[in-house]
Amino acid sequence: MQGFFRKEKLLKTQRLTVYALVCGMYVLLSFMFAEFSFGPLQFRPSELLNLLAFYHPGFVLPISLGCAISNFASPFGLVDVVVGTLHTFLSLKAMTLVKKDWIAALFPALFAFIIGLEIYFLTGAKISFFVITAQIMASEFILGMISVPFYRKLFGYKKIREFFKGL
């Protein structure tokens, strides 16, 4: 039991706890706003969490996992679990490669064609692929641009920066 209280163990526990909370927040927000989060027309408020991956690359997997869990409730079933999670994972991974937050916030919109293709093929929609993709792109762009000033303000606090640096 003594080894559990070593600093490294506490940091690992703290990190896993924060990751689990973020994953759970993604799922909760997706389900709370389910009528907007799933289907051919989407506006998923849980995507506001995406920019966390820019500030700390450790959030790529927890947010992607939250997306996968949420997508089990999607009308597109397991295909959305795989394809939707791929979209999120690629977007978040790309965020970790850039230096500017507003550029990072664009990646979910830039990868929106993945979701557009999925919806287009699964629904047999009478709407064109470009219309579906443009709608998803617009949604992701709006949420990304909302998240930039929020996270700038949040990470402007020294204690928040120190907390996340310690993860």
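Structure notes:
- Checked against the criterion of being buried (at least 22 other Cβ atoms within 10 Å of the Cβ) and either at pLDDT 95 or above or not in a helix (DSSP H, G or I) (or both), the candidates G66, G39, G24 yield just one match: G66.
- Top-ranked residue in segment 125-141 [being part of a helix (DSSP H, G or I), touching a residue at least 60 places away in the same chain (Cβ under 8 Å) and of a type in the set (A, V, I, L, M, F, W, C); ranked as surrounded by the most Cβ atoms within 10 Å (Cβ to Cβ)]: I136
- Taking segment 69-84 as the range and being assigned to a helix (DSSP H, G or I), more than 18 Å from A20 (Cα to Cα) and among the aliphatic types (A, V, I, L, M) as the test, the residues that pass are L78, V79, V81, V82, V83.
- Residues being of a type in the set (K, R) and under 19 Å from I114 (Cβ atoms) - total across segment 9-68: 1
- Here segment 1-21 is the region considered, the condition is being of a type in the set (D, E, K, R) and in a helix (DSSP H, G or I), and the residue that is modelled with the lowest pLDDT is K7.
- Selection status of M145, within 30 Å of F38 (Cα to Cα) and out of contact with any Gly (no Cβ under 9 Å at 6 or more places or on another chain): yes
The values are calculated or read from the model by the stated rules, or taken from the named source; none is laboratory data. Just so you know, these numbers come straight off a predicted model, no measurement behind them. So basically every Cβ, Gly included, is an ideal-geometry build from the backbone, and we count neighbours across all protein chains shown.
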